[in-house]
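S.K.: Below are the structure tokens for one structure; questions will follow.
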Amino acid sequence: MSKQIKLFDTTLRDGTQGEGVSFSADDKIRIAKKLDEFGVHYIEGGWPGSNPRDMEFFVKAGKLKLNQAKIVAFGSTSRSSDPAEDANLAALFEANTPAVSIFGKTWLMHVEEALKITPDENLERIYTSIRFLKDHGKEVIYDAEHFFDGFRSDPKYALSTLEAAHAAGADVLVLCDTNGGSLPHQIREAVVAVSSAIDAEIGIHAHNDGDLATANSLEAILAGCRHVQGTVNGYGERCGNANLCSVIPNLEFKLGYKTVPEKSVKRLSALSHYVSDLANKSHPAHLPFVGKSAFAHKGGVHVSAVMKNPETYEHLKPEAVGNARRVLVSDLSGRSNVYYKADELSVNLDEYPDKVIDIVSDLKDLEHKGYEFEAAEASLDLLIRRSLGEWEDPFSLKGFRMMVEKNEDDEVRSEATIRVDVNGVTEHTAAESAGPVNAIDIALRKALSKFFPEIEKMHLSDYKVRVLNGQDGTKAKVRVLIESSSEGRNWITVGVSENIMEASRQALMESYSWFLKEQKSTYTSQKQKVS
């Protein structure tokens, strides 16, 4: 039977100390609910004595009906000789949580230089603070701050701080790599020493300053820890905390430990994205296990092998963590990439064996010119279907003109005129807006909606410009990616040119064309609409 590891999530406390990470009290409540549904055992909500927002969270959290998770309030050992008079401990009681997490000093340098008290006074504060909390019915998780640094400096004293916490009744002794600089073998040596000296439940809290937080957490568990702390997506101060989105699947699938229900592990990617959305941060594509690129294959040799047996280049089934395999197409692509993407797009290339080499050649040529189809899958879809003769654009450009002017009132106005051909009929329209891209989009929409009224259901939702050869300065070629959406569905198209408006025009017309393909707006239907 696999051994159970308790998960202690500190996204809402330590995670918010990361640069650019901030949650409202309501955001924290939403995340707490998700973490509870996922199966986390402890949710550290914040430091109630430090700011009103954390206190607001604890007030609201007190009304939650959670399935299993315990909300935890965070604080420090008493700053006075009498814990009953300590405001920090009073705030922990005011938070009214079943469990509390308090940190104390382990490293003599901190005791003497930060607290400016004697080593014995520090031991006394640890003991009396925990005893006070235990006497008032709290579950106490003790964080031994800077434990590994302290252990390397003075192992005897570092152990004595844990012995004081254990004697006071701490439920878990958490060894903290607060500066994040320890190496796996140092983690193991310390955990083994603690486990040999103290009969208690041991935990690990690792930071990622050496890019080893996940490895150090796993090493600690292999050495005897049964409680692991971390954050979703590795958010946290400086370089972040141990990423639970990596720790959990490594424990479950590689080491045979139990963390959360099996169905929950399959929702790991969804949890990761949910938290990044509420943090208002883009989701890192290269996050292991849960990132968009975690199971993405680009090299033709890799794709060919993966199509035969995914284990050739995948250490885990992407579905196990709620992710998905992706095959990218680029100048590194081979026929296997194109076959795979065509299958995703419901195109049967087996019916066109002589066309595949041409498609691969076209892709490589376009990528060389600056096009990118990894994100712009709608443009890739059109490219393949045009090559196969399965799609012909229902309209074509006859010409367009753009004018931008600024008046004496500092107002900027853009005017676009465009001529398009639809089934032999030329439609000439104009539109103006504050921005030139929006102006040409409006003009195109006006022209095409006369023939295809369904276009009114779609709209531009994102616009990105990338300079491809910055050394050419203002003559540089640019790549434009346009994301469009309609009724909950999104797609991306691409355009490339030395003229930013031409690149934008290309991507816009591609977007309309792909939408009409999906709507099955055929050439015959155009004739009917014109007539």
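The values are calculated or read from the model by the stated rules, or taken from the named source; none is laboratory data. For clarity, every value in this text was computed on a predicted model and none was experimentally measured. Don't worry about glycine lacking a Cβ; one is built from the backbone with ideal geometry, like all the others, and counts go over all protein chains shown. We work out accessible area using only protein heavy atoms, side chains counted, and drop any ligands, DNA or RNA first. Shrake-Rupley method; radii C 1.70, N 1.55, O 1.52, S 1.80 Å.
S.K.: Scan the stretch 372-399 residue by residue and report those that are modelled with pLDDT of 85 or more and among the aromatic types (Phe, Trp, Tyr).
M.R.: Trp391, Phe395
S.K.: Still on this structure: Conditions: (1) in contact with a Leu (Cβ under 8 Å, 6 or more places away or on another chain); (2) of a type outside the set (Val, Ile, Thr); (3) open to solvent by 60 Å² or more (accessible area, probe 1.4 Å). Asn348 meets all but one. Number of the miss?
M.R.: Tallying (1) in contact with a Leu (Cβ under 8 Å, 6 or more places away or on another chain); (2) of a type outside the set (Val, Ile, Thr); (3) open to solvent by 60 Å² or more (accessible area, probe 1.4 Å), Asn348 fails exactly one: (1).
S.K.: Please find, within the stretch 305-328, the residue that is farthest from the chain's Cα centre (by Cα) out of those that are exposed (fewer than 15 other Cβ atoms within 10 Å of the Cβ) and assigned to a helix (DSSP H, G or I).
M.R.: Among them, the one singled out is Lys308.
S.K.: Sticking with this one: For the stretch 120-165, how many residues meet the condition of being more than 36 Å from the chain's Cα centre (by Cα), open to solvent by less than 10 Å² (accessible area, probe 1.4 Å) and either farther than 18 Å from Arg79 by Cα or of a type in the set (Val, Ile, Thr) (or both)?
M.R.: Number satisfying all stated conditions: 4.
S.K.: Mind counting the residues in the stretch 429-441 that are in contact (Cβ under 8 Å) with a residue 24 or more places away in the chain and open to solvent by 60 Å² or more (accessible area, probe 1.4 Å)?
M.R.: Summing the residues that are in contact (Cβ under 8 Å) with a residue 24 or more places away in the chain and open to solvent by 60 Å² or more (accessible area, probe 1.4 Å) in the stretch 429-441 gives 1.
S.K.: I need the full set of residues from the stretch 462-484 which are surrounded by fewer than 16 Cβ atoms within 10 Å (Cβ to Cβ) and closer than 19 Å to Ala439 by Cα, in order please.
M.R.: Result: Asp462, Lys464, Val465.
S.K.: With among the aliphatic types (A, V, I, L, M), open to solvent by less than 30 Å² (accessible area, probe 1.4 Å) and in a strand (DSSP E or B) as the only criterion, which of Val275, Val191, Val228 stands out?
M.R.: Every option except Val228 fails the conditions.
S.K.: What do you reckon, is Lys258 modelled with pLDDT of 90 or more, surrounded by fewer than 17 Cβ atoms within 10 Å (Cβ to Cβ) and touching an Asp or Glu at 6+ places or on another chain (Cβ under 8 Å)?
M.R.: Criteria met by Lys258.
S.K.: What pairs can you find where one residue is in the stretch 241-255 and closer than 18 Å to Gly180 by Cβ and outside any helix (DSSP H, G or I), the other is at pLDDT 95 or above and of a type in the set (Lys, Arg), and their Cβ atoms are less than 9 Å apart, with a gap of 6+ or different chains?
M.R.: none
S.K.: Do you know which of the residues in the stretch 53-86 that are over 34 Å from the mean Cα position of the chain (by Cα) and open to solvent by 80 Å² or more (accessible area, probe 1.4 Å) is farthest from Ile29 (Cα to Cα)?
M.R.: That would be Ser81.
S.K.: Can you spot a residue in the stretch 453-461 that is free of Cβ contacts under 8 Å to residues at least 24 places away in the same chain and open to solvent by less than 70 Å² (accessible area, probe 1.4 Å)?
M.R.: no
S.K.: Could I ask something else about it? Regarding the stretch 206-221, can at least one residue be identified that is open to solvent by 10 Å² or more (accessible area, probe 1.4 Å) and in contact with a Phe, Trp or Tyr (Cβ under 8 Å, 6 or more places away or on another chain)?
M.R.: no
S.K.: Of all residues in the stretch 390-426, how many are open to solvent by less than 30 Å² (accessible area, probe 1.4 Å) and either within 30 Å of Asp350 (Cβ to Cβ) or part of a loop (DSSP other than H, G, I, E, B) (or both)? Spell out the reasoning first.
M.R.: Residues of the stretch 390-426 that are open to solvent by less than 30 Å² (accessible area, probe 1.4 Å), as a first pass: 394-395, 399, 414, 416, 418, 420, 422.
Imposing the further condition that a residue be either within 30 Å of Asp350 (Cβ to Cβ) or part of a loop (DSSP other than H, G, I, E, B) (or both) reduces the set to 394-395.
Matching residues across the stretch 390-426 total 2.
S.K.: Of everything in the stretch 374-389, what is surrounded by 23 or more Cβ atoms within 10 Å (Cβ to Cβ) and in a loop (DSSP other than H, G, I, E, B)? Give them in sequence order.
M.R.: Ala376
S.K.: Just need a number here: residues in the stretch 1-27 that are among the hydroxyl-bearing types (Ser, Thr, Tyr) and open to solvent by 10 Å² or more (accessible area, probe 1.4 Å).
M.R.: 4
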